[in-house]
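Participant: I'd like to ask you about the structure that follows.
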Amino acid sequence: MEKWRRARPDIDGSGKAIVGRILHLNEIIMRAVDKALAKHGVKYPVYAVLATIRVSGPPFRMSPTELLSTLLVTSGGLSNLLRRMEADGYITRTADERDGRGVIVELTDKGVAVADASMADHAAVERELVECLPSDTRETVARALGLMITTAER
């Protein structure tokens with residue numbers, strides 16, 4: 001931060017202390033998550049789809065539009081991911097009976113099994129990553145990050 005202030009005193013770089021750390025932390029988190037998920041044969045993007053559909057409850061199916069509203073991927077990225085996941089046997093895609101133009105994504109038995117097996121390991125990694133923070137600080141950080149997300153998405 002001091003180098004930024006010296007090199008460009010005309011720029012208010014006060015956001016860099018937080019945003020830069022969040023970007024760095026994202027890389028650390030993704031490495032830790034992917035390491036924990038490796039024993040289940042998946043990486044985070046596949047896990048995110050599996051877990052999102054799994055927590056939606058039986059019959060473990062969602063439309064791609066519903067998935068897009070919760071995942072951080074583009075529609076093209078999701079289509080490619082779903083194609084790979086179907087080839088790997090985690091999901092099936094069928095025509096939406098309510099909308100003939102739409103598709104429904106449903107977990108296969110394999111998809112449910114991998115979701116169930118990996119969810120506890122994913123949660124454990126998240127707990128490990130935040131355990132350095134006192135519990136009251138975790139709540140404050142969670143609220144502050146939520147506020148940043150809400151504000152940035154406007």
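The values are calculated or read from the model by the stated rules, or taken from the named source; none is laboratory data. Fair warning: this is a prediction, and the values are worked out from it, not measured in the lab. Cβ sites come from the backbone with ideal geometry, for glycine too, and all protein chains shown count toward neighbours.
Participant: With surrounded by 15 or more Cβ atoms within 10 Å (Cβ to Cβ), outside any loop (DSSP other than H, G, I, E, B) and not charged (D, E, K, R) as the only criterion, which of V42, V33, V19 stands out?
Facilitator: Only one candidate passes the filter, namely V33.
Participant: Residues to consider are R84, R54, R5; find the one that is of a type in the set (K, R), in contact with a strand residue (DSSP E or B) (Cβ under 9 Å, 6 or more places away or on another chain) and assigned to a helix (DSSP H, G or I).
Facilitator: R54
Participant: Moving to a separate point now. What pairs come out if I take residues in segment 126-149 that are closer than 26 Å to L37 by Cβ and pair them with residues that are surrounded by 11 or more Cβ atoms within 10 Å (Cβ to Cβ) and of a type in the set (K, R) whose C-beta lies under 8 Å away, six or more apart or interchain?
Facilitator: Going by the 8 Å Cβ cut-off, the qualifying pairs are V130/R138.
Participant: Which residue out of D136, D116 is at pLDDT below 95 and in a helix (DSSP H, G or I)?
Facilitator: Exactly one of D136, D116 is at pLDDT below 95 and in a helix (DSSP H, G or I), namely D136.
Participant: Another one. Which condition from (1) of a type outside the set (D, E, K, R); (2) in contact with a Pro (Cβ under 8 Å, 6 or more places away or on another chain); (3) modelled with pLDDT under 95 is the one that V105 breaks?
Facilitator: (3)
Participant: Now for a different question. Please go through (1) among the small types (G, A, S); (2) over 18 Å from V103 (Cα atoms); (3) modelled with pLDDT under 95 for S79 and return the number of the only condition it doesn't satisfy.
Facilitator: Exception for S79: condition (2).
Participant: Can you tell me which residue among G76, G89 is among the small types (G, A, S) and out of contact with any helix residue (DSSP H, G or I) (no Cβ under 9 Å at 6 or more places or on another chain)?
Facilitator: G76
Participant: Among what's in segment 93-110 and is closer than 18 Å to Y47 by Cβ and out of contact with any Lys or Arg (no Cβ under 8 Å at 6 or more places or on another chain), pick the residue that is surrounded by the fewest Cβ atoms within 10 Å (Cβ to Cβ).
Facilitator: Restricting to residues being closer than 18 Å to Y47 by Cβ and out of contact with any Lys or Arg (no Cβ under 8 Å at 6 or more places or on another chain), the top hit is D109.
Participant: Within the bounds of segment 120-127, is there any residue that is among the aliphatic types (A, V, I, L, M), within 18 Å of I29 (Cα to Cα), exposed (fewer than 12 other Cβ atoms within 10 Å of the Cβ) and out of contact with any helix residue (DSSP H, G or I) (no Cβ under 9 Å at 6 or more places or on another chain)?
Facilitator: Among the residues of segment 120-127, at least one is among the aliphatic types (A, V, I, L, M), within 18 Å of I29 (Cα to Cα), exposed (fewer than 12 other Cβ atoms within 10 Å of the Cβ) and out of contact with any helix residue (DSSP H, G or I) (no Cβ under 9 Å at 6 or more places or on another chain), which makes the answer yes.
Participant: Within segment 19-37, can one find any residue that is more than 30 Å from K110 (Cβ to Cβ), more than 14 Å from the chain's Cα centre (by Cα) and at pLDDT below 90?
Facilitator: No: zero hits.
Participant: May I ask you to list the residues in segment 6-18 that are within 24 Å of M148 (Cα to Cα) and of a type outside the set (S, T, Y)?
Facilitator: I11, D12, G13, G15, K16, A17, I18
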